[in-house]
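This report concerns only the one structure given below.
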């Protein structure tokens, strides 16, 4: 068994942004967390920019209407850009419901891989990690993506991740295979 | 002549934040720009977070009153934190007039080196890189640090940089000597 590490890639070409988009409770954060140790084991620097945590860091002033979501996605893009151009893999787990925001992120960051976490709405609602679907259906909150706010699925995602009847580890491994195919990480991983 | 590179430092200990604070036109950005190639030549990843440019990236919504400046400094801290914990040297060139903001940055980032760019106000006014002192003295703008807005000098900066009668290159070299003394970069630089 041979082992190849991220360090084998030339300095300056190790970083990229893996942008996971999908409905609330689609599994974005779970998949990203499963990817972190696997990418680190390849010798890569990895930073997880998770929706909630990065909001506390740079967007605590923002709400969840369209303008606020777009502003937030723009700030996340900036952070992902400065990380990825310094050889860090920036994992972004963000609903990012608008195609326009994701197109801007791709354009700004350059080394950009869009992952559509394609979990059906009814499955997301069953998972309901934060209890937000239930609150939205009860009318206790508004502006819930998938309920009373739109989600625009990617038309040409670089990677599609299906999560039904698959463990987070299986999904993460499948994404790594795709990343190798795309030339973002070495092909042979031992 | 021996040469030591940043790569000699263990992975995970190469990053830190060099936070340059001082009056407008004190020389923060000029010094930071002089440092970039020198640090890169040591094998380090370097990102310059310059006041104006990073405002466009993450704070285009903010003005220059105290609350806005503190919010902006907090966002810059977040970006410097995620960079420095991924082995990137984050150079911050920001007036950052308030001790409280800088104390929060130190606390959040951890690997933090505060550089007080100690240029007398009258020298800064003569330089007046952006013409802002002239505008402030003419009453055309308000909230100008050093004129009608306070600047709180660091009480215990890690490094003091004097810029009068010194070239940017000389100041940068002096800072590198101090960084070596502080253990942030290797001592011998060839």
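Using only the alpha-carbon atoms, how far is helix A:28-41 inclined from the longest principal axis of chain A? Give it as 0 to 90 degrees, nearest 10.
In chain A, helix A:28-41 runs at an angle near 10 degrees to the longest axis.
Considering only DSSP beta bridges whose two residues both sit in the protein assembly as shown, what percent are antiparallel, to the nearest 5?
The answer is about 0 percent antiparallel.
When the Debye formula is applied to the Cα atoms of the range A:74-151, each taken as the same point scatterer, what base-10 log of I(q)/I(0) results at q = 0.14, 0.17, 0.19, 0.25 Å⁻¹?
-0.58, -0.76, -0.87, -1.12
Just to verify a number: FRET efficiency for residue B:122 and residue B:156, C-beta to C-beta distance, R0 = 35 Å, to 0.05?
Efficiency computed from Cβ-Cβ geometry: 0.90.
By how many degrees, 0 to 90 and rounded to 10, does the Cα axis of helix B:66-84 deviate from the longest principal axis of chain B?
With rounding to tens, the tilt is 10 degrees.
What gaps in nm, shortest first, separate residue B:141 from its twins in the other copies when you place the label 7 Å past Cα toward the beta carbon?
Copy-to-copy label distances at residue B:141, shortest first: 4.0 nm.
With just the Cα atoms defining each centre, how far is the range B:73-100 from the range B:114-190? Give it in Å.
16 Å
Peptide B:57-68: average number of partner chain Cβ atoms within 10 Å per residue?
Taking all residues of B:57-68 together, the mean is 3.
In whole Å, what are the Cα extents of the range A:1-152 along the three principal axes, biggest one first?
Extents along the principal axes, in whole Å: 53, 34, 24.
Taking the DSSP beta bridges in chain A as the whole, what percent of them are antiparallel, to the nearest 5?
Here the antiparallel bridges make up roughly 0 percent for chain A.
Using the Kirkwood radius over C-alpha pairs as Rh, can you work out the diffusion coefficient of the range A:16-82 via Stokes-Einstein at 4 °C, viscosity 1.567 mPa s, in µm² per second?
The estimated diffusion coefficient comes to 99 µm²/s.
With 18 Å as the cut-off, how large is the P(r) tail for the range A:117-190, expressed as percent of Cα-Cα pairs?
Numbers: 1473 of 2701 pairs.
The share of Cα pairs beyond 18 Å in the range A:117-190 comes to 55 percent.
Against the longest principal axis of chain B, how steep is helix B:99-109, in degrees 0 to 90 to the nearest 10, with axes from Cα atoms?
30 degrees
In nm, to one decimal, how far is the modelled label at residue A:68 from the one at residue B:129, with both set 7 Å along Cα→Cβ?
Output for this residue pair reads 3.6 nm.
Pairwise over distinct Cα atoms, reciprocal of the mean inverse distance: report the Kirkwood radius of the protein assembly as shown in Å, one decimal place.
22.4 Å
Every number here is computed from the coordinates shown, using simple stated rules; none is lab data. Just so you know, these numbers come straight off a predicted model, no measurement behind them. No Cβ is skipped: glycine too gets one built from the backbone with ideal geometry, and neighbour counts run over all protein chains shown.
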